[in-house]
Amino acid sequence: MTKEFAATLVVLAMIAIAVPMFIRTAIWNRFLKNIKAEKDQEALKILNSPVFKIMFGEYNRKWNLMRYYISREKTEDVRNMTNSLLYDNLSKQQAYQIFSNAYFYFISLHDQEMTAKILERLEPVLEEDSREQYQMLYRVMIEKKSEDIDRVRELLEEKEKEKDSYSKASQEGMLQYLLGVQYANIGDKKEAEKWLKKAKNNVKGTPLEKEIKKLLK
């Protein structure tokens, strides 16, 4: 193999890598531009196009559709998408990403049927401490129980002693939220507001933040 031929192969390989990346970036930027401009039909055309599926894969197409439906509060579309994904062969990470967002969406609507269904699908992919929190959330939000106050306080104390991590704040926020709602369930408005305000600071940018803001109005 001559040096010239080897150099040509390197250039061709670089082009083969660069071109798909360029196309992906162009498609994604066009999608975001339409979303920001609230040109929903144009954005959906991009998501549902064969090119998007080829360049990003079927899972990413469905995930972005789910995010769009949730952001626009299109409940029936979120329901249909969730039901269609329940039996898909998803990785652990994909299942958590999709169903945790759907879980918070439907639990904020107090939809017992969908929340129970999603929780059953989520449980196998959750770590033990997260699984316990999601189960408590179901009891508190759907069943309106307040039996977990002592347990949540205990978990919160343990969490506060842990070293900082990327998920520590959001996990503390979840526990503080669980405390706040339980106090609200038993009519203790002062304690409820105290814990919900703490939770809001820890869950910024998550689906839970919107629910907490509603409760604090």
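The values are calculated or read from the model by the stated rules, or taken from the named source; none is laboratory data. A quick note: this is a predicted structure, and the numbers were derived from the prediction, not measured. Neighbour counts are summed over all protein chains in view; Cβ atoms, including those assigned to glycine, are modelled from backbone coordinates with ideal geometry.
Observations on the model:
- Failed criterion for I149 (all others in (1) of a type in the set (A, V, I, L, M, F, W, C); (2) modelled with pLDDT under 90; (3) surrounded by fewer than 20 Cβ atoms within 10 Å (Cβ to Cβ) hold): (2)
- Within segment 95-145, the set of residues being touching a Ser or Thr at 6+ places or on another chain (Cβ under 9 Å), modelled with pLDDT under 90 and not in a helix (DSSP H, G or I) comprises just one member, L109.
- Residue satisfying all of: in segment 177-208; closer than 20 Å to H110 by Cβ and polar (S, T, N, Q); modelled with the lowest pLDDT among these: T206
- Residue in segment 80-92 that is at pLDDT 90 or above and closer than 24 Å to V181 by Cβ present: yes
- Beta carbons closer than 8 Å, at least 6 apart along the sequence or on distinct chains, pair a first residue in segment 158-174 that is in contact (Cβ under 8 Å) with a residue 40 or more places away in the chain with a second that is surrounded by 10 or more Cβ atoms within 10 Å (Cβ to Cβ) and of a type in the set (D, E) for Q171/D129.
- Filter result for R153 (within 18 Å of W63 (Cα to Cα) and in contact (Cβ under 8 Å) with a residue 24 or more places away in the chain): no
- Filter result (under 18 Å from K204 (Cα atoms) and either out of contact with any Lys or Arg (no Cβ under 8 Å at 6 or more places or on another chain) or among the small types (G, A, S) (or both)) within segment 161-173: D164, S165, Y166, S167, A169, S170, G173
- Considering only residues in segment 162-208 that are under 21 Å from E127 (Cβ atoms) and of a type in the set (S, T, Y), the one that is surrounded by the fewest Cβ atoms within 10 Å (Cβ to Cβ) turns out to be Y166.
- Of the residues making up segment 119-141, just one is over 23 Å from K204 (Cα atoms) and β-branched (V, I, T), namely V125.
- So Y134, is it buried (at least 17 other Cβ atoms within 10 Å of the Cβ) and within 30 Å of L86 (Cα to Cα): yes
- Condition check for E211: among the acidic types (D, E) and either exposed (fewer than 15 other Cβ atoms within 10 Å of the Cβ) or at pLDDT 90 or above (or both): no
- Filtered residues of segment 43-54 (kept if surrounded by fewer than 18 Cβ atoms within 10 Å (Cβ to Cβ) and closer than 23 Å to A95 by Cα): L44, N48, K53, I54
- Scope segment 68-78; condition surrounded by fewer than 18 Cβ atoms within 10 Å (Cβ to Cβ), at pLDDT 90 or above and part of a helix (DSSP H, G or I); matching residues: T75, E76, D77
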